[in-house]
1. Every residue in segment 201-236 that is among the aliphatic types (A, V, I, L, M), open to solvent by 30 Å² or more (accessible area, probe 1.4 Å) and within 23 Å of Asp414 (Cβ to Cβ), please.
2. Could you please find all residues in segment 176-219 being aliphatic (A, V, I, L, M) and under 25 Å from the mean Cα position of the chain (by Cα)?
3. Taking the conditions exactly as written (among the small types (Gly, Ala, Ser) and in a helix (DSSP H, G or I)), does Gly128 satisfy them or not?
4. So how many residues does segment 544-591 have that are closer than 30 Å to Glu266 by Cα and part of a helix (DSSP H, G or I)?
5. Would you mention how many residues in segment 285-319 are aliphatic (A, V, I, L, M) and over 18 Å from Arg263 (Cβ atoms)?
6. Where the second residue is part of a loop (DSSP other than H, G, I, E, B) and open to solvent by 50 Å² or more (accessible area, probe 1.4 Å) and the first is under 15 Å from Ile258 (Cα atoms) and lies in segment 589-601, which pairs have Cβ atoms under 7 Å and are six or more apart or on separate chains?
7. Please specify each residue of segment 279-306 satisfying the condition of being over 13 Å from Asn539 (Cβ atoms), open to solvent by 10 Å² or more (accessible area, probe 1.4 Å) and either among the hydroxyl-bearing types (Ser, Thr, Tyr) or not in a loop (DSSP other than H, G, I, E, B) (or both).
8. Of the conditions (1) open to solvent by 30 Å² or more (accessible area, probe 1.4 Å); (2) under 17 Å from Leu88 (Cα atoms), Gly167 clears all except one; give me its number.
Amino acid sequence: MVRLLSSPPAGMAETADHFLSMAGYLTEQATTLPDTATAGPAAMLRTMVKAAPAARPDQDRAPSRNGKVKLASPFIGAIGPREILSTLGELGGHLAGTPHVVLEESSRLLREWGEALTGRIPVEIPKGDRRFQDIAWTNNPFHRMSMSGYLAWSTAVNRIIDRAGAGEDATERMRYVASLFTDALSPDNTLIGNPAALKAALDTGGRSLVDGMRNMLEDLSSNSGTPSQVDKTAFSVGGNLAATEGAVVFRNQVLELIQYAPRTAEVFTIPIMMVPPVVNKYYMMDIAPDRSLVQFLVEKGFQTFMISWRNPQPRHGHWGLDEYVAAMLEAMAAIRAITGCFDINTFTVCTGAVPLTALLGHIAGRKLGGVNSATMVVSVLDSNEGRSLGLFATPQAIAEAKRKSAAKGILDGDEMAKVFTWMRPRDLVWNYWVNNYLLGRQPPALDILYWNNDPTRLTARMHAQLLDVFSQDLLCTPGGLTVLGTPIDLSTIDYDTYLVGGITDHISVWTGVYNSARLFGGRFEFVLHSSGHVQSVINPPGTPKAKYYVNPETPDDPEQWLAGAKAMPDSWWLHWAGWLERHSGDRHPAPAAAGDADHPVLAAAPGTYVIEK
């Protein structure tokens, strides 16, 4: 075992003094170096770095943003070596023009390293950083020194990037690429550098190391070498997930339609049809008892129907919006026949908004009628201020993504899941690296992580259309998209809509959700939840610290809307239920059984499509 140091070893003070001396020298050099130096360090940097053309330092800087920025997109694919090298080259190009920044920050880093070695400065762990919670990180000199040195270095990297003079989008890309390296090199990711892992190995007589190696071998063979995020043995769809009672009452090649059993003696006349994302299985909305939005609705007396998309195979690669919209039209006809009500309320989450909006636009364009309202949660219909496809999206990347899925007939769900994972590697990769491999523990049994690791495929045609919708803003332009022969114009959708954003959502930035609401022709109500993407959907009443913002005014500027908004406690589900009641007609006795003579029960919920792999 590693000897845990109780005092600085011999020679540490001399090393610290060397760092401080070097820092003083670099500081002197930085103060005399002009911004446009053409010799010495600047010339060496320009020679060493083969950079892409650098943007003008300050002239192209974007306005300051609020909230998180989406960097990657599952529709584009994972960020690879080409994107990483290009971004690093871009950074090098900017730093070549500002060499004093490198010298100043290097001198500051050396000074901080020297102070960390001698323990002259208190340890400051960044707020929200869960990696260094063990008391040994502050009480043990060895671990305190490694943590302090690491934090000083990673902070210096970000300072250099912020001072490089790039535009805001470029700066975000640089910070993300840098984080891939700084997060990976954190001392807690190593056995010798992680006090909890060392203690576990000692307490278990090495058993934790054996268990960790077994977990790693299992992931190499069955999880593409990525640390598992969830204990999949703890869940079953139709058991403790997607457990609300119901029945499949209609099925076509694209979808199954589930009718949920009522839990009240009377139900509202106008039913609701729920449309899940096209890249996820529907049971996010029926995740588990007492946290299920479906259960919440039926307990409130709403007649609830759920669409469950089929998990497409390569042979279905030609399915696009025409096929999905036609399938939903058939499902709506079944709902009308079963309930005896022509009007239907609609609901969707995230990417489900694109096919649902295409459906609504087709119905409005053909003047078919029969839609009473629409609710969309964490859904964007435009380019989300240029970020729906991420800051790494380029015309070349989009074309390459289309080519790859066309060749396979599908975009694989596991590939999309990896992109989401690497958008937050500290939380979704290295956290489980430590837990599974260094500590030798099983990953947690969390239902939402099981759902997140149970993705669906996307047909090549739908993949290409989604890329076009978000890269070309097709839904923002009347007639920009044609579905089943109908030019789609969102301004013709003139009934009430209800939209929900998440204030910390990094997938569907809330300002983009608000701007999407303004595309429709009717009245809209916008609600802003206090959390992120998934938490904004799964938000049952009684969730601790939950709150949401409401504002009856709908100004053009989303920030102006927020400035005038009022904070409300608890879940937006309650607020929405009141809105939905006003859009669901009168009450009448609940149906005694699912389906009707023409739509018999085909299977018990959750059906067959959701189980298909």
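1. Within segment 201-236, Met216, Leu217, Leu220, Ala234 meet the criteria.
2. Once the filter is applied, which keeps residues that are aliphatic (A, V, I, L, M) and under 25 Å from the mean Cα position of the chain (by Cα), segment 176-219 yields Val177, Ala178, Leu180, Ala184, Leu185.
3. Judged against the criteria, Gly128 is not a match.
4. 10
5. 1
6. The qualifying pairs are Pro591/Pro262; Ala594/Val601; Gly595/Val601.
7. Of everything in segment 279-306, those that are over 13 Å from Asn539 (Cβ atoms), open to solvent by 10 Å² or more (accessible area, probe 1.4 Å) and either among the hydroxyl-bearing types (Ser, Thr, Tyr) or not in a loop (DSSP other than H, G, I, E, B) (or both) turn out to be Gln295, Glu299.
8. (1)
The values are calculated or read from the model by the stated rules, or taken from the named source; none is laboratory data. These figures come from a predicted structure and were not determined experimentally. Virtual Cβ from ideal backbone geometry, glycine too; neighbours counted across all protein chains shown. Note: areas computed on protein heavy atoms with side chains; ligands, DNA, RNA excluded. Shrake-Rupley method; radii C 1.70, N 1.55, O 1.52, S 1.80 Å.
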